[in-house]
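The values are calculated or read from the model by the stated rules, or taken from the named source; none is laboratory data. All values derive from a computational prediction rather than experimental measurement. Cβ placement follows ideal geometry from the backbone for every residue including glycine, while neighbour counts extend to all protein chains displayed.
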Amino acid sequence: MKDQVSELLKNKEFVRWVKKPDEHTDRYWQKWLDVHPEKREDFFAAREMVLGIQITRNELPDLEKEKILLEIFRKESQPTDKEKSKQASTLPPWSNHLALGAKVAAVFLLAFFLFLGLPQPPFSPEKSTKEESPITTIQKQTLRGQKSKFKLPDGTLVWLNSDSKLEFTSNFPDSLRSVHLIGEAYFDVAKDPERPFQVVTGSLSTTALGTAFNINTFHKDRLNVALVHGKVKVENKDTQEKILLSPGQRLQYIKTEQKTLVDEFKGDWVTGWKDGILHFKETPYLEVIEELERWYGVNIQTTGSPTQSWHLTGRYNNESLKMVLDRMSYVERFEYEINEKKIQIKF
């Protein structure tokens, strides 16, 4: 990992965007990636360090990691002049040494967990009672060309596809575990009979106790829910329908027609994306281009038009964009040119 990671971690605008993204800053950092494609690996590594999603060993020298963490802790926890004055007037001299020791211990323990890639322990140098821990809203977001895997507070595993966003609270209430999804995600739900797990996606809410399922909201006119194992209930606010799915079944809701279809899906044709498998099944040209842009984090321009009969079927297992375009161009008869993150297709 290069010095770029350290620079990004020290960039207040970058850290602010990771913690509280919005449409304006999303566009800015997406353009930054388009201009600096060679820095994508460092960019995503720095973003994951801020989010605490996952950190692998040997990414940074230990001393450098320690320095960065101490610097972040110092900036975020440094008291204002008013607070310093209040502390000096109300606390005995020896208490400052105890407080400093507690903070230093917390930083080093945090660093230890981060370096090992383990989840951070729920503690602070001060009191750590449940009542004093505020419930906050957390967003996990991926950009084009990036996928992520992480755990929710209840232990549920989530695979978040490219250009997607998941919103949830830091602590789920006692009655319901609810998350909001934009894009696509695969959930392996931790069992908890007392608290159903619910995913809200537009007009659909999918509820389960302990199961695995995939939800896709990429298409503007369709919402898809595919059940791998267990059982889920899908409720539709538009049509007032309540549908139970069995393993191997997929629900498709066509919003423009307010029409619900239930069919069966085959293996990894729906869920293979989380393992790096890209699928197309009788897919029209524009949807293929949108998927390639999202999957590889590129911009594709088209000269000319494909034939009206274009409906692509193919399976690509962890293949480069060049390999995918080579196979497509052979079948569909087009030429292409790759210039870093900009692709030109000519018919």
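Looking across the range 28-76, the residues that are in a helix (DSSP H, G or I), modelled with pLDDT under 75 and surrounded by fewer than 13 Cβ atoms within 10 Å (Cβ to Cβ) come down to VAL35, GLU38, ASP62, LEU63, ARG74, LYS75, GLU76. Within the range 158-199, the set of residues being surrounded by fewer than 17 Cβ atoms within 10 Å (Cβ to Cβ), over 21 Å from ASP26 (Cα atoms) and under 19 Å from the mean Cα position of the chain (by Cα) comprises THR169, SER170, ASN171. The one condition from (1) of a type in the set (Gly, Ala, Ser); (2) outside any loop (DSSP other than H, G, I, E, B); (3) surrounded by fewer than 16 Cβ atoms within 10 Å (Cβ to Cβ) that GLY155 does not meet is (2).
On the stretch given as the range 208-243, residues that are out of contact with any Ser or Thr (no Cβ under 9 Å at 6 or more places or on another chain) and closer than 21 Å to SER175 by Cα total 5.
Cβ-Cβ distances below 9 Å connect the following pairs, each with a first residue in the range 6-20 that is assigned to a loop (DSSP other than H, G, I, E, B), a second residue that is surrounded by fewer than 18 Cβ atoms within 10 Å (Cβ to Cβ) and not aromatic (Phe, Trp, Tyr), and a separation of six or more residues or different chains: LYS20/GLN139.
Selection of the range 1-47 for residues being over 20 Å from the mean Cα position of the chain (by Cα) and over 24 Å from ILE300 (Cα atoms) yields MET1, LYS2, ASP3, GLN4, SER6, GLU7, LYS10, ASN11, LYS12. On the given criteria, is THR201 of a type outside the set (A, V, I, L, M, F, W, C) and over 28 Å from GLY145 (Cα atoms)? Against the criterion (of a type outside the set (A, V, I, L, M, F, W, C) and over 28 Å from GLY145 (Cα atoms)), THR201 does not qualify.
Every residue, every condition in (1) part of a loop (DSSP other than H, G, I, E, B); (2) within 23 Å of GLY145 (Cα to Cα); (3) modelled with pLDDT of 90 or more, yes or no:
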{"position": "SER175", "(1), (2), (3)": "yes, no, no"}
{"position": "HIS180", "(1), (2), (3)": "no, yes, yes"}
{"position": "TYR186", "(1), (2), (3)": "no, yes, yes"}
{"position": "ILE215", "(1), (2), (3)": "no, yes, yes"}
{"position": "PHE218", "(1), (2), (3)": "yes, yes, no"}
{"position": "LEU227", "(1), (2), (3)": "no, no, yes"}
{"position": "LYS233", "(1), (2), (3)": "no, no, yes"}
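Kindly indicate the residue of the range 293-314 that is without any contact (Cβ under 8 Å) to a residue 40 or more places away in the chain and surrounded by 12 or more Cβ atoms within 10 Å (Cβ to Cβ) and also farthest from LYS147 (Cα to Cα) among those meeting that condition. Only one residue fits best here, namely TRP310. Within the range 135-152, being more than 12 Å from ARG47 (Cβ to Cβ), within 8 Å of the chain's Cα centre (by Cα) and not in a strand (DSSP E or B) holds for one residue alone: LYS147. Inspect the range 327-344 for any residue being within 26 Å of ALA185 (Cβ to Cβ), among the polar types (S, T, N, Q) and touching a residue at least 24 places away in the same chain (Cβ under 8 Å) and give the result as yes or no. Looking for residues that are within 26 Å of ALA185 (Cβ to Cβ), among the polar types (S, T, N, Q) and touching a residue at least 24 places away in the same chain (Cβ under 8 Å), one finds none in the range 327-344, hence no.
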